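Asker: The following block contains the structure, expressed as structure tokens.
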Amino acid sequence: MSRAMTGAQMVLEALADQGVEHIFGYPGGAVLPIYDELHQQDRLKHILVRHEQGAVHAAEGYARSTGKVGCVLVTSGPGATNAVTGLTDALMDSIPIVCITGQVPTHLIGNDAFQECDTVGITRPCTKHNYLVKDVNQLSRVLHEAFYVARTGRPGPVVVDIPKDIQFAKGEYTGLTNSQHKSYNPRVQGDERAVQAAVELMANAKRPLFYTGGGIVNSGPLASARLRELVRMTGFPITSTLMGLGAYPASDQQWLGMLGMHGTYEANNAMHDCDVMICIGARFDDRITGRVDAFSPGSKKIHVDIDRSSINKNVKVDIPIVGDCAHVLQQMIDAWQAKKPKLDKKALKTWWGEIDRWRARKCLSYRKRDDVIMPQYAIERLYALTRGHDVYITTEVGQHQMWAAQFFKFEEPNRWMTSGGLGTMGYGLPAAVGVQVAHPDSLVIDIAGEASVLMTMQEMSTAAQYDLPIKIFILNNEYMGMVRQWQELLHGGRYSHSYTAALPDFVKLAEAYQGVGIRAEKPSELDDAIKEMIAVKKPVIFDCRVDKHANCFPMIPSGEAHNHMLMGDDLTGEDIENAITEEGKVMV
Amino acid sequence: MSKQPGSAYPLEKREEKSETHTMTVLVDNEPGVLARVIGLFSGRGYNIESLTVSETEHEAHLSRITIVTSGPPMVIEQIQHQLERLIPVHSVTDLTVKGNPIERELAMVKVAGLGEKRVEAMRLADAFRAQVIDASTEHFVFEITGKQSKIEQFIALMQPLGLVEVSRTGLAAISRGPERM
């Protein structure tokens with residue numbers, strides 16, 4: 001099983017054994033031996049990015065849209081530090097990434113050598129785990145372990161730092177083994193007694209609600225299928241976090257839309273008023289809970305999570321179940337079927353009646369205009385005109401991201417790539433590159449804001465180099481829209497540095513990157529322009545000029561409870577001024 | 001739209017009592033493992049009141065870390081589960097939850113002085129069963145082992161008698177009874 005080879009060869013061998021087909025990277029002095037090996041093989045395709053942050057986001061998009069581990073290769077020093085934002089993003093959103101970093105030769109470590117940094121020190125808090133390999137005979141074991149750690153349990157990014165002398169050194173390569181890790185053995189099966197107790201609680205619920213998250217998507221398509229089975233079996237309503245969109249089809253009757261700060265009126269009110277909350281693969285994040293002491297005060301809470309530390313972190317729950325979503329969902333389905341519960345049909349009917357009244361509030365309505373494109377309208381049209389295509393959506397961070405979550409309907413998991421936990425502006429463009437690499441024939445759209453997308457615009461050059469026909473659909477309002485919205489709500493409309501006075505001409509910019517630029521300024525032009533964008537088989541930057549002052553509603557202001565939402569259509573200026581209490585202002 | 005009543009103070013600290021717990025963490029003795037544990041505490045804002053670490057099982061390369069920490073019950077629970085999440089961590093045991101662990105610390109206390117103060121220091125050392133491990137005509141170094149309260153008290157008594165400096169090991173702890181943790 002073991003063969004002699006150099007460290008650099010081992011890297012390629014291990015990646016092949018792990019089934020890796022694509023790696024995103026950028027060469028430099030400390031990884032040249034590995035790049036030399038890349039040059040002499042054709043099993044693995046390398047995608048040259050323009051900045052290491054882009055490499056990690058591309059790998060994230062690749063991972064999130066395929067369920068595989070995303071791979072990154074960067075050099076020491078600035079290569080590694082540039083990757084930090086992407087690694088942190090992957091950690092917050094539990095995306096499996098293996099990032100190989102070059103390091104200065106072992107004898108120079110600690111010497112402040114050229115392009116040296118303490119990579120394992122810097123990435124320790126922003127990875128699930130990291131390794132510095134100082135013995136070439138440990139390299140293959142470490143690489144295989146890195147993949148195992150990245151994809152199992154709660155997935156996350158893993159860094160393997162390889163000094164240059166180790167890449168040159170000869171040693172023994174060991175292939176995949178089935179040996180168990182000494183200390184890391186994540187639990188997948190839920191405790192059966194807890195599952196029984198959960199099902200008992202669900203069976204007697206009068207106002208039940210499923211609250212699901214990115215954990216369902218991370219667990220894989222099976223979890224999503226089982227979630228649908230269980231939700232339909234029970235007939236209960238379901239809402240999901242930003243990260244969980246697509247795990248349950250948005251077209252279904254039981255779907256209430258996204259919850260949280262910019263979630264729907266019906267989802268948030270249902271969260272507040274439910275008596276049994278079934279949380280699966282979500283983590284009670286502060287954008288979800290609002291004020292913790294007023295969070296769903298009357299409910300018994302069931303929490304299924306593969307990460308024990310997510311349970312009872314923000315909100316105390318009644319029935320914790322540690323395990324993988326797909327496994328626990330199957331256990332719940334089995335328990336439900338065995339129990340054949342007699343549901344309180346009358347109470348459930350009343351509950352659905354309440355939900356229908358909240359739905360009738362039509363919280364996502366906005367005033368359409370003929371003279372200017374409303375951003376919500378742009379997303380609605382984009383959604384309508386992309387039906388019949390195999391669509392993947394990525395986003396940047398801000399208002400456009402929330403509008404995309406509200407107005408683009410997802411029917412399947414792995415179709416929605418967004419930076420939820422870290423909120424990384426600049427995520428969407430490189431993520432789209434990664435998605436398009438994995439799905440070359442699909443329609444990959446980055447719904448973007450003009451401010452975010454400029455942070456990683458250089459990756460347009462990557463898209464051009466590899467003929468990746470990504471579509472960057474910019475909702476251009478010339479403002480950092482979400483910053484401006486908060487300044488309006490919190491700081492008396494003093495728009496301190498949230499206006500970009502000197503934006504590039506995005507049409508010309510697209511052309512400079514060997515892509516196609518399209519602009520739409522009037523609602524009447526929009527449909528044709530979108531159709532043109534879809535038809536072009538090249539990278540496109542779509543400059544969609546939208547209303548500059550639109551705000552993202554509904555909204556739970558900071559420091560408020562779920563049942564105190566700001567709605568878009570009934571606000572006066574004074575309401576907005578008074579919406580957030582002094583204490584809430586500190587929270588943001 | 002109605003405004004929240006003025007009583008809403010989302011930032012108000014919950015009036016939960018802080019508890020002090022002693023935890024034992026068994027880890028692989030590999031480079032950087034202590035940094036992972038300490039980084040977790042500083043990164044998440046947990047307290048470390050005492051921390052002791054040494055390899056305790058040489059063949060398995062296992063180190064035992066004893067941490068004394070404090071916080072409200074929900075935070076204490078978090079600390080345990082966050083520690084368990086670290087890849088090289090084999091087990092985390094909250095000895096305080098298991099009940100009344102045996103806790104000891106060793107301190108070396110240097111006292112310099114002449115005459116009556118020197119005699120008094122020696123007398124107190126006898127009473128506390130501290131050993132003299134270094135001495136000259138002008139100073140003593142005492143070695144004292146015991147509960148933290150005993151060490152604190154001894155140091156306080158040495159203060160007026162010419163206390164020069166103190167070196168302490170931090171707390172080591174083990175559960176009572178015949179079982180392994």
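Asker: If you scan region B:79-94, which residues turn out to be buried (at least 21 other Cβ atoms within 10 Å of the Cβ) and part of a strand (DSSP E or B)?
Answerer: B:Val89, B:Val92
Asker: Is it the case that B:Ala35 is in a loop (DSSP other than H, G, I, E, B), within 14 Å of chain A (Cβ to nearest Cβ) and aliphatic (A, V, I, L, M)?
Answerer: no
Asker: Another one. Which ones in region A:372-417 are in a loop (DSSP other than H, G, I, E, B) and without any contact (Cβ under 8 Å) to a residue 12 or more places away in the chain? Step through it out loud before you land on a result.
Answerer: Restricting attention to region A:372-417, the residues satisfying the condition of being in a loop (DSSP other than H, G, I, E, B) are A:372, A:374, A:386-390, A:396-398, A:408-415.
Within region A:372-417, A:Arg387, A:Gly388 qualify.
Asker: Now for a separate question. Among the residues of region B:58-75 satisfying the criterion of being within 14 Å of another protein chain (Cβ to nearest Cβ) and farther than 22 Å from B:Arg180 by Cα, which is farthest from the chain's Cα centre (by Cα)?
Answerer: Only one residue fits best here, namely B:Met74.
Asker: Continuing with the same structure: Filter region A:535-574 for residues that are hydrophobic (A, V, I, L, M, F, W, C), away from chain B (no Cβ under 14 Å) and surrounded by fewer than 19 Cβ atoms within 10 Å (Cβ to Cβ) and give the result. Give the steps one after another, and end with the answer.
Answerer: Let us first name the residues in region A:535-574 that are hydrophobic (A, V, I, L, M, F, W, C), namely A:535-536, A:540-542, A:544, A:546, A:550, A:552-553, A:555-556, A:561, A:565-567, A:571.
Among the residues that remain, those that are also away from chain B (no Cβ under 14 Å) are: A:535-536, A:540-542, A:544, A:546, A:550, A:552.
If the condition is that a residue be hydrophobic (A, V, I, L, M, F, W, C), away from chain B (no Cβ under 14 Å) and surrounded by fewer than 19 Cβ atoms within 10 Å (Cβ to Cβ), then A:Ala535, A:Val536 are the ones that fit.
Asker: Looking only at region A:359-392, which residues are among the aliphatic types (A, V, I, L, M), under 30 Å from A:Asn563 (Cβ atoms) and surrounded by 20 or more Cβ atoms within 10 Å (Cβ to Cβ)?
Answerer: Within region A:359-392, just A:Ile379 meets the criteria.
Asker: Pick out the one residue from A:Ala169, A:Ala194, A:Ala150 that is within 22 Å of A:Gly220 (Cα to Cα) and either more than 10 Å from chain B (Cβ to nearest Cβ) or acidic (Asp, Glu) (or both). Can you show your working first?
Answerer: Details: A:Ala169 fails: within 22 Å of A:Gly220 (Cα to Cα); A:Ala194 fails: within 22 Å of A:Gly220 (Cα to Cα).
Step by step, each of A:Ala169, A:Ala194, A:Ala150 is checked, and only A:Ala150 is within 22 Å of A:Gly220 (Cα to Cα) and either more than 10 Å from chain B (Cβ to nearest Cβ) or acidic (Asp, Glu) (or both).
Asker: Kindly indicate the residue of region A:440-484 that is of a type in the set (Phe, Trp, Tyr) and within 25 Å of A:Asp527 (Cα to Cα) and also nearest to the chain's Cα centre (by Cα) among those meeting that condition.
Answerer: Result: A:Phe473.
Asker: Looking only at region A:311-328, which residues are free of Cβ contacts under 8 Å to residues at least 40 places away in the same chain and either in a helix (DSSP H, G or I) or of a type in the set (S, T, N, Q) (or both)? Can you show your working first?
Answerer: Applying the first criterion (free of Cβ contacts under 8 Å to residues at least 40 places away in the same chain) to region A:311-328 yields A:311-317.
The answer is A:Asn312, A:Asn314.
Asker: For region A:328-358, enumerate the residues that are of a type in the set (S, T, N, Q) and either buried (at least 18 other Cβ atoms within 10 Å of the Cβ) or at pLDDT below 95 (or both). If you could, list the steps in order and put the result at the bottom.
Answerer: Going through region A:328-358, the residues of a type in the set (S, T, N, Q) turn out to be A:330-331, A:337, A:350.
A:Gln330, A:Gln331 - these are the residues of region A:328-358 that are of a type in the set (S, T, N, Q) and either buried (at least 18 other Cβ atoms within 10 Å of the Cβ) or at pLDDT below 95 (or both).
Asker: Could I ask something else about it? Hey, could you check region A:275-303 for residues that are within 14 Å of chain B (Cβ to nearest Cβ) and at positive phi and say which is surrounded by the fewest Cβ atoms within 10 Å (Cβ to Cβ)?
Answerer: Only one residue tops the list, namely A:Phe284.
Asker: Kindly indicate whether any position in region A:153-171 is of a type in the set (Gly, Ala, Ser), at pLDDT 95 or above, part of a helix (DSSP H, G or I) and within 20 Å of A:Cys71 (Cβ to Cβ).
Answerer: no
Asker: Here is a follow-up. Could you tell me whether A:Ile100 is in contact (Cβ under 8 Å) with a residue 40 or more places away in the chain, outside any loop (DSSP other than H, G, I, E, B), touching a Leu at 6+ places or on another chain (Cβ under 7 Å) and not charged (D, E, K, R)?
Answerer: Answer is yes for this residue.
Asker: Taking the stated definitions as given, is A:Ile333 β-branched (Val, Ile, Thr), within 22 Å of A:Trp255 (Cα to Cα) and not in a helix (DSSP H, G or I)?
Answerer: It is false that A:Ile333 is β-branched (Val, Ile, Thr), within 22 Å of A:Trp255 (Cα to Cα) and not in a helix (DSSP H, G or I).
Asker: If you don't mind, there's one more thing I want to ask. Taking B:Met108 as the residue in question, decide whether it is modelled with pLDDT of 95 or more, more than 9 Å from chain A (Cβ to nearest Cβ) and either in contact with a Lys or Arg (Cβ under 9 Å, 6 or more places away or on another chain) or in a helix (DSSP H, G or I) (or both).
Answerer: yes
Asker: Also, quick follow-up: Would you be able to tell me the number of residues in region A:28-61 that are among the basic types (Lys, Arg) and part of a helix (DSSP H, G or I)?
Answerer: Within region A:28-61, residues that are among the basic types (Lys, Arg) and part of a helix (DSSP H, G or I) number 0.
Asker: Any idea which of B:Gly99, B:Gly45, B:Gly115 is away from chain A (no Cβ under 11 Å), under 22 Å from A:Val120 (Cα atoms), surrounded by fewer than 17 Cβ atoms within 10 Å (Cβ to Cβ) and not aliphatic (A, V, I, L, M)?
Answerer: Values: B:Gly99 fails: under 22 Å from A:Val120 (Cα atoms); B:Gly115 fails: under 22 Å from A:Val120 (Cα atoms).
Being away from chain A (no Cβ under 11 Å), under 22 Å from A:Val120 (Cα atoms), surrounded by fewer than 17 Cβ atoms within 10 Å (Cβ to Cβ) and not aliphatic (A, V, I, L, M) holds for just one of B:Gly99, B:Gly45, B:Gly115, which is B:Gly45.
The values are calculated or read from the model by the stated rules, or taken from the named source; none is laboratory data. Note that the coordinates shown come from a computational prediction; the quantities given were computed from them, not determined experimentally. Backbone-built Cβ (ideal geometry, glycine too); neighbour counts: all protein chains shown.
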